[in-house]
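This report concerns only the one structure given below.
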Amino acid sequence: MGVVIKYLVAGLVRYWLIHLDYWQTIANRVEIATPLNSWKRLMEGVYLYDHNINPYEGDSFHESPIMLIFFHFLLTKAPIILPILFTILDLLTAHLLYKTSKAFTRIFKESQEAVLPEVAEESKTMLLSDTQLKEASEYVLSVYLFNPYSVLNCAGMTTTVIQNLLLATALWGASSGKRIIACVFIALATHQALYPLLLIVPIAILLADINKGCNKCSYIRTLLVFVLSWGFLIYLSAYIMDGSYNYVYNTYGFILTVPDLKPNIGLFWYFFTEMFEHFRLLFVCAFQINALALYIVPLTLRFRKEPVLLATVLIALSTIFRSYPCIGDVGFYLALLPLWKHLFTFMQQKFIVGCAFIITSVLGPTVWHLWIYSGSANANFFFGVTLSFATAQIFLITDLLFAYIKREFTLKHGSSRQVDGKPAKLVLR
């Protein structure tokens with residue numbers, strides 16, 4: 001009954017916020033709406049399409065043609081259901097994350113039993129009990145339902161709500177061993193926002209582990225299904241646009257080249273505002289390599305036996321370094337952190353990171369008001385806050401990874417910090 005009450009309260013809060021007089025303020029906040037996910041820009045794209053004007057000829061609409069058709073149908077046939085629809089979709093995301101976390105806890109339990117012979121006698125008290133595993137799923141649900149980032153993202157009716165649903169469905173499909181569901185939905189998420197492309201690696205590893213077949217064959221099948229699904233979506237989008245692939249520049253091209261420098265919670269906008277134009281291509285490539293390719297190989301090599309942790313970290317890193325992030329992206333990966341509740345005792349910076357999240361979340365709107373409305377601040381102030389917010393997220397991820405390594409070491413060698421009878425020291429490299 002407690003779970004039902006959580007869904008009911010979270011749904012009512014979201015529905016109430018959408019109907020507030022301040023809804024326009026929420027929906028247009030730079031922390032919530034970006035050029036990619038803004039409800040205002042989506043409405044403009046639908047309006048242009050409804051009047052037989054190609055919305056991709058201008059510079060205002062950057063959603064995929066599939067999203068365009070979907071919302072065109074809703075806005076013309078049943079606009080009254082949109083607040084309810086966004087609320088239900090966000091609650092469905094929470095439910096899928098809840099189901100996913102339950103599947104993940106089963107995977108944790110199996111992997112824990114597999115390494116039990118290697119666990120030091122004095123460290124066996126650290127092994128997770130069924131009660132602890134069950135609590136993790138409850139926390140995942142609660143964090144997503146009541147996290148202000150997720151709530152405001154839904155209240156702003158951003159298309160990030162749909163992206164989060166696609167990611168949650170892909171993770172649920174992977175954790176359940178359903179290859180087609182996982183690949184199709186990660187292809188849909190990639191088609192919408194590009195950066196979820198990174199998740200095909202942990203999903204392929206997870207599916208291979210669950211299905212317990214030939215790993216190479218499993219990887220190839222997963223990759224093949226994903227590529228075919230993504231290719232079909234690209235073709236379908238071109239078909240919707242009367243056979244034209246011009247939409248690609250205003251979707252993928254817009255994400256990669258970052259032409260719109262409207263402030264957001266990311267790192268791109270300020271840097272490229274100050275950048276000399278002849279250096280732009282070099283640094284765009286450097287920033288996008290950092291977001292899309294730099295971490296995937298080393299993290300996969302080190303955490304290939306923990307695809308769930310790998311997926312969590314890759315989602316977080318793509319959120320931090322993507323060109324147009326929003327708090328809805330942050331709220332999604334924060335909901336996955338309770339899966340690693342058993343690592344919190346090994347984390348050294350959680351208090352600092354928690355304080356940084358709270359302070360920057362309060363300072364962001366304050367400094368924005370001082371800059372835009374009062375004229376008593378400038379862009380440096382707002383970028384300082386967004387840079388601190390990104391730094392806090394980086395500290396959170398590195399602390400989580402190091403906590404996993406410390407727990408892994410402690411399970412194997414005990415808490416004495418000795419290897420072969422000699423004092424040992426853990427160093428993060």
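The values are calculated or read from the model by the stated rules, or taken from the named source; none is laboratory data. Given the structure is predicted, the values throughout are model-derived calculations rather than measurements. Cβ: placed from backbone, ideal geometry, glycine included. Neighbour counts: every protein chain shown. Ligands, DNA and RNA are stripped out before the accessible areas are found, and what is left, the full protein with its side chains, is counted by its heavy atoms. Shrake-Rupley method; radii C 1.70, N 1.55, O 1.52, S 1.80 Å.
Which residue fluctuates the most in the chain, going by a Gaussian network model with Cα springs under 10 Å, if the choices are Glu44, Glu277, Glu408?
Glu277
With +1 on the Cβ of every Lys and Arg and -1 on the Cβ of every Asp and Glu, and nothing else charged, how large is the dipole of the chain about its Cα centre, in debye rounded to the nearest 20? Before the final figure, lay out each step's value.
On the way: 32 positive and 26 negative charges, 247 e Å.
For the chain, the charge dipole is close to 1180 debye.
Would you kindly derive the ³J(HN,Hα) couplings of the stretch 178-185 from the backbone phi angles with the Karplus curve 6.51 cos²θ - 1.76 cosθ + 1.60 (θ = phi - 60°), listing them in order in whole Hz, with x for Gly and Pro?
9, 5, 5, 4, 4, 6, 5, 6
For the chain, what relative contact order do you get, as a whole percent, if you take Cα pairs closer than 8 Å and at least 6 residues apart? Show your work: numbers first, answer last.
Working: 519 pairs, mean separation 85.2, N = 429.
Once divided by the residue count of the chain, the mean separation gives 20 percent.
Taking 7 Å along the Cα-to-C-beta vector as the label spot, tell me the His369-Phe70 distance in nanometres, rounded to one decimal.
3.5
Explain nothing, just the number: dipole magnitude of the stretch 1-142 about its Cα centre with +1 on each Lys and Arg Cβ and -1 on each Asp and Glu Cβ, in debye rounded to the nearest 20. Don't skip to the end; give the middle numbers.
Working: 12 positive and 16 negative charges, 93 e Å.
So the magnitude is around 440 debye.
Suppose a student asked you for the relative contact order of the stretch 141-191, using Cα pairs under 8 Å spaced at least 6 residues apart; what percent would you report? Could you put the intermediate results ahead of the total?
Values: 30 pairs, mean separation 13.0, N = 51.
Taking the mean separation of contacting Cα pairs over the length of the stretch 141-191, I get 26 percent.
Can you compute the modelled spin-label distance between Leu12 and Leu387, with each label point 7 Å from Cα toward Cβ, in nm?
4.5
Measure out, as a whole number of angstrom, how far apart the alpha-carbon centroids of the stretch 284-307 and the stretch 314-364 sit.
18
Considering only Cα-Cα distances, which of the following residue pairs are longer than 23 Å: Lys6/Lys99; Lys124/Lys216; Lys341/Lys412; Lys40/Lys77; Lys6/Lys109; Lys305/Lys350?
Details: Lys6/Lys99 15 Å; Lys124/Lys216 34 Å; Lys341/Lys412 19 Å; Lys40/Lys77 19 Å; Lys6/Lys109 27 Å; Lys305/Lys350 25 Å.
Distance filter (> 23 Å) returns Lys124/Lys216; Lys6/Lys109; Lys305/Lys350.
Which of Val308, Val297, Val143 moves most in a GNM of the chain, Cα contacts under 10 Å?
Val297
Run the numbers on the stretch 160-262 and let me know its relative contact order in percent, using alpha-carbon pairs under 8 Å that are six or more apart.
On the way: 96 pairs, mean separation 25.0, N = 103.
Normalised by residue count, the contact order of the stretch 160-262 is 24 percent.
When the chain is modelled as a GNM with alpha-carbon springs shorter than 10 Å, which of Leu199, Leu282, Leu228 fluctuates the most?
The residue that fluctuates most here is Leu282.
Per-residue ellipticity at 222 nm for the chain, helices alone: DSSP H runs ≥ 4 residues times -39500 (n - 2.57), over residue total, nearest 500 deg cm²/dmol?
On the way: 19 runs with 286 residues, N = 429.
The helix contribution divided over the chain gives -22000 deg cm²/dmol.
Tell me, what is the per residue accessible area of the chain in Å², probe radius 1.4 Å?
Details: 20260 Å² over 429 residues.
About 47 Å² of surface per residue is accessible.
Pop out the ³J(HN,Hα) list for the stretch 158-165 in order, Karplus 6.51 cos²θ - 1.76 cosθ + 1.60 with θ = phi - 60°, rounded to Hz; leave Gly and Pro as x.
Karplus values, whole Hz, x for Gly and Pro: 7, 6, 4, 4, 6, 4, 4, 5.
What does the charge count near Ile84 come to, summing +1 for each Lys or Arg and -1 for each Asp or Glu among other residues with Cβ under 15 Å from its Cβ?
Details: positive: Arg14, Lys77; negative: Asp90.
Combined, the nearby Lys, Arg, Asp and Glu give +1.
With charges set only on the Cβ (+1 for Lys and Arg, -1 for Asp and Glu), what does the dipole of the stretch 128-248 come to about its Cα centre, in debye to the nearest 20? Intermediate values should be presented prior to the final figure.
Working: 6 positive and 5 negative charges, 79 e Å.
Here the size comes out at about 380 debye.
Using the beta-carbon distance between Asp21 and Arg280 and R0 = 35 Å, what value does 1/(1 + (r/R0)^6) give for FRET efficiency, to the nearest 0.05? Walk me through the numbers before you get to the answer.
Details: r = 41 Å, r/R0 = 1.19.
Using R0 = 35 Å, I get an efficiency of 0.25.
Apply the Karplus curve 6.51 cos²θ - 1.76 cosθ + 1.60, θ = phi - 60°, to the phi angles in the stretch 244-255 and return the couplings in whole Hz, x for Gly and Pro.
Going residue by residue, I get 9, 9, 5, 5, 4, 5, 8, 10, 4, x, 5, 5 Hz, with x marking Gly and Pro.
Rounded if a/c is under 1.5, else prolate if a/b is larger than b/c, else oblate: which is the stretch 239-302, with a ≥ b ≥ c the root eigenvalues of its Cα gyration tensor?
Numbers: a/c = 2.20, a/b = 1.18, b/c = 1.87.
Judged from the Cα gyration tensor, the stretch 239-302 comes out oblate (a/c at least 1.5, b/c at or above a/b).
Testing the spin-label approximation: label points 7 Å from Cα along Cα→Cβ at Thr131 and Ile53. State their distance in nm.
It is 6.4 nm.
Given a 1.4 Å probe and every protein chain left where it sits, what share in percent of the accessible area of the chain is carbon and sulfur? Don't skip to the answer; put the middle values down first.
On the way: 13600 of 20260 Å².
Looking at the chain in its full context, I get 67 percent from C and S.
Give me the orientation-averaged projected area of the Cα convex hull of the stretch 130-284, in nm², one decimal.
Working: hull surface 50.3 nm².
In nm², the orientation-averaged hull projection of the stretch 130-284 is 12.6.
At a Förster radius of 22 Å, what calculated FRET efficiency corresponds to the Cβ-Cβ distance of Gln348 and Arg302, to the nearest 0.05?
On the way: r = 20 Å, r/R0 = 0.89.
Once rounded, the FRET efficiency stands at 0.65.
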